[in-house]
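Let me begin by presenting the structure, written as structure tokens, before commenting on it.
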Amino acid sequence: MTQARGLRPGDSGPGDSGQATQARRLRARRLRPGDSGPGDSSQVTQGQVTRAQVTRRRLKPGDSGQVTQAQGTQARRLRPGDSGQVTRASGSHGPVLLLLHGGGHSALSWAVFTAVICGRINCRVVAMDLRGHGDTKVQDSEDLSAETMASDISKVVEVLYGDAPPPILMIGHSMGGAIAVHAAAANHIPSLLGLCVIDVVEGTAMEALNSMQSFLRSRPKTFKSLENAIEWSVKSGQIRNIESARVSMGGQVKKQEEQGRRAGETNTIGGGILEEEEEEEEQEGEEQSNSKRLKEEEQERQRSSVFEWRVDLSRTERFWTGWFRGLSALFLSCTSPKLLLLAGVDRLDKDLTIGQMQVFQLQVLPQCGHAVHEDAPDKVADAIASFMVRHKFTDFKEGFLC
């Protein structure tokens, strides 16, 4: 199932309720404006849809990969031939911001941004875990072609809103920005208001592909804890905002499968303890204390999990060219209002340098890394809010001083 999420830090996601068809399933979650990233998650099937479930979850941007589950609400069953409308207990209003994350990331990368943007303008937010990322599960999770992922976005919107989707602004970062352009160019979102692409340009992206495998090899393969992964992300500059890193890294790494890995070690330690107790019965009290201590240490060691990357990006190489080749021309061909946010003006290629004078708005946010929306969520929220208000897509919230 491809998953669209209202942001949750690092949870594994609810399973499908009831018997669903074995078509590819998509899960969607919505973030409501006015709270710190709370959202609804809905699980639906792609193709022949049989039923959906909505679960409300709250997200605090300062959390370190943990989530608390709020009250769950049941959506009506969806059957083939239905409009696909998923009913929810939600009082949100305004246009929908559909957020698409970058490669290896998850919807959690938008957590802090979501809290900020919902305090500035009247809007709703839907953040997706793209195919093969986050908690999404599909029959073919290795098919990360631009066409397939763009089609996934269309299916999520169809299931969430049926034949009458609300006005939607698509916002994508890096790989997600490329997929947003492909989806817009293919007219997958009939109610598309506009398009915002964050720090992805065809020219620089294609050049960077030559060194991408080297970069991926330079990253740690595992982390001894989630906190260790968060610390690495900030020290390495991957995410320069600790508040965002605490949430975002929960969607980038997962606990490594360790079943049976330490069975031999446990048996050896246990045997040694028993032999020692039998040989030195006169020190029974001391040995029992020592045995208890060793057992507690072993249990603690077993509880400490190794974390690894959720997505092996090196295995997605065959799709990289398809994501980015021809991207500038596709972006310029989209007729909806367009906003391009970059970490540096040097990222512009020739086509966009010419086009930005005529057909789209460009804004450079310096002193940011590649994860612009995580490093500077306030600045990105300000830029997008101003863009939407300027085009009369929405209004600033009452009392907000722009």
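The values are calculated or read from the model by the stated rules, or taken from the named source; none is laboratory data. Because the structure is predicted, anything quoted here is derived from the model rather than measured. FYI the Cβ positions are ideal-geometry reconstructions off the backbone, even for glycines, and counts take in every protein chain you see. These area figures cover heavy atoms from the full protein model, side chains too; ligands, DNA and RNA do not enter into them. Shrake-Rupley method; radii C 1.70, N 1.55, O 1.52, S 1.80 Å.
What to note about this one:
- Qualifying positions in region 225-246 - closer than 18 Å to Cys368 by Cα and of a type in the set (Gly, Ala, Ser): Ser233, Ser236, Gly237, Ser244, Ala245
- Checking Val247, Val200, Val253, Val234 one by one, the residue that is closer than 22 Å to Leu342 by Cα and touching a residue at least 24 places away in the same chain (Cβ under 8 Å) is Val200 and no other.
- Scanning region 113-156 for residues that are open to solvent by 10 Å² or more (accessible area, probe 1.4 Å) and part of a helix (DSSP H, G or I) yields a total of 7.
- Inspection of region 203-219 identifies no residue that is surrounded by 19 or more Cβ atoms within 10 Å (Cβ to Cβ), over 25 Å from Asp382 (Cα atoms), of a type in the set (Gly, Ala, Ser) and modelled with pLDDT of 95 or more.
- Meets criteria (open to solvent by 80 Å² or more (accessible area, probe 1.4 Å), modelled with pLDDT of 90 or more and either within 26 Å of the chain's Cα centre (by Cα) or closer than 22 Å to Ala184 by Cβ (or both)) for Arg315: yes
- Options Val181, Val234; residue that is within 21 Å of the chain's Cα centre (by Cα), among the hydrophobic types (A, V, I, L, M, F, W, C) and buried (at least 22 other Cβ atoms within 10 Å of the Cβ): Val181
- Which numbered condition Lys392 fails, given (1) modelled with pLDDT under 95; (2) open to solvent by 60 Å² or more (accessible area, probe 1.4 Å): (1)
- Subset of region 237-262 [modelled with pLDDT under 50 and open to solvent by less than 50 Å² (accessible area, probe 1.4 Å)]: Arg262
- For the residues Val197, Val159, the requirement of being in a helix (DSSP H, G or I) and in contact with a strand residue (DSSP E or B) (Cβ under 6 Å, 6 or more places away or on another chain) singles out Val159.
- Every residue from region 365-376 that is over 16 Å from Gly172 (Cβ atoms) and either surrounded by fewer than 16 Cβ atoms within 10 Å (Cβ to Cβ) or at pLDDT 95 or above (or both): Pro366, Gln367, Asp375, Ala376
- Test: residue in region 96-107 that is in a helix (DSSP H, G or I) and either modelled with pLDDT under 95 or over 17 Å from the mean Cα position of the chain (by Cα) (or both): yes
- Residue among Gly322, Gly344 that is modelled with pLDDT under 90, open to solvent by less than 70 Å² (accessible area, probe 1.4 Å) and under 28 Å from Ala185 (Cβ atoms): Gly344
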